[in-house]
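Undergrad: Mind looking over this structure? Questions follow.
Bear in mind that the values in this text are calculations on the coordinates, not laboratory data. Computed from a predicted structure; not experimentally measured. Don't worry about glycine lacking a Cβ; one is built from the backbone with ideal geometry, like all the others, and counts go over all protein chains shown.
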Amino acid sequence: MLEARNVWKRYHGPFGGGWVLKGLNFKIPRGVSVGIVGKNGAGKSTLLQLLGGMDKPDKGEIIERCRISWPIGLSGGFQASMTGRQNVKFVTRIQGGNKHVDEVIKEVEDFAELGPAFDKPIATYSSGMKSRLGFGLSLAFDFDVYLSDEATAVGDVTFKEKATKAFQDRVGRSSLIMVSHQVKILRDLCQSGIFLHNGEAIWYDQLDDALDAYYESIGRVPAHKKKKGRGKYDRSNLTEDDED
C-alpha cells in the first residue's frame, strides 16, 4: 500500500516558488491501478517522483509498504558518460534480485530495441531512446507497483503496442500508477483515479469519475456525456482525440 500524509511540495529556485502540492492525503490500496489526471503544471510528474522516492516532500510524508519502481518515463538517473549497457549493469547490481546481470541486460536490450546505440554513451541518446531504455530496465525487475510517466507514448506504433502489452501482462500481479494524456491507455490499464487540481489530490474509486472532474475543470464536456442517437449517452464511443 502507498499512502500520502499531509504532503506539501513547492518548486524551488533563486526566487522561491509557490506550492505545487498542498496537503495531499490519500491511500492507494494494494492491487489497484491508478491514473493521475490534471492540467499541465498540476504536479502529476512531481507526485510520481515523490511516490518513487526520487524527491522528498517539503512537509508531510509518503509511506511505502511495497516495492516501487522509479518513474518509467523519467530517465534523469542515467549516467550520461556510460553506455546503455553499462547503465543497465550498474542498476542491476544495485537492485539485486534473483536474476543474473547478463539475463537482465539481454531482456533490456531486446525490449528497448536500441540496436548499436545500446553500446554508445547515454549522452548521445534522444529523450525517446532514454525513455525506452528506462522502460525496459524497469520491467526487468519485479516491483509491486510500477510508476509510469507517459511511458507508453514513446516510440513508433509497434513499440507503443509492445509497451502497453507489457503493462497489461502485469495487471493483476502488480499495480500501476500512471500519468498519461492518452485516455484509452488509462482506461485499458487503470481502475481508479487521482485528480490533481489547485494543488489538491481528489481520489476517485472509478477512473471515469476522475476524468469527468478533470474535463469539468477545463470547461469541456466528456465525449460519453454528449448526446448520441435518441438522447442516449454512449461511453464506448470515446477516442483519444475527444479526450486528449
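Undergrad: Which one of Val171, Thr124, His181 is farthest out on the positive end of the charge dipole of the stretch 121-211, using unit charges on Cβ (Lys, Arg +1; Asp, Glu -1) and the Cα centre as origin?
TA: Thr124
Undergrad: Show me the ranking of peptides 175-182, 36-43 by mean Cβ neighbours inside 10 Å, starting with the highest. It would help to have the intermediate numbers written out before the result.
TA: Numbers: 175-182: 22.2, 36-43: 19.1.
Ranking, from highest mean packing down: 175-182, 36-43.
Undergrad: What would the Debye equation give as log₁₀ I(q)/I(0) for the stretch 3-129 at q = 0.17, 0.22 Å⁻¹, counting only Cα atoms as equal point scatterers?
TA: -1.03, -1.24
Undergrad: Can you give me the Cα centroid spacing of the stretch 135-200 and the stretch 1-52 in angstrom?
TA: 17 Å
Undergrad: Suppose each label sits 7 Å from its Cα in the direction of the beta carbon; what would the Asp142-Asp55 distance come out to in nanometres?
TA: Going by the 7 Å Cα→Cβ label model, 3.2 nm.
Undergrad: Give me the dipole magnitude in Debye, nearest 20, for the stretch 1-156 about the Cα centre, with unit charges on the beta carbon: positive for Lys and Arg, negative for Asp and Glu.
TA: Working: 20 positive and 17 negative charges, 138 e Å.
About 660 debye.
Undergrad: Still on this model: Write out the trypsin sites (Lys or Arg not before Pro) in the stretch 42-95 meeting two conditions: DSSP loop, and at most 14 other Cβ atoms within 10 Å of their Cβ.
TA: Working: sites: Lys44, Lys59, Arg65, Arg67, Arg85, Lys89, Arg93; in loops: Arg65, Arg67.
Sparse-neighbourhood loop trypsin sites (Lys or Arg not before Pro): Arg65, Arg67.
Undergrad: Counting alpha carbon pairs within less than 8 Å and at least 6 residues apart, what relative contact order, in whole percent, applies to the stretch 17-143?
TA: It rounds to 25 percent for the stretch 17-143.
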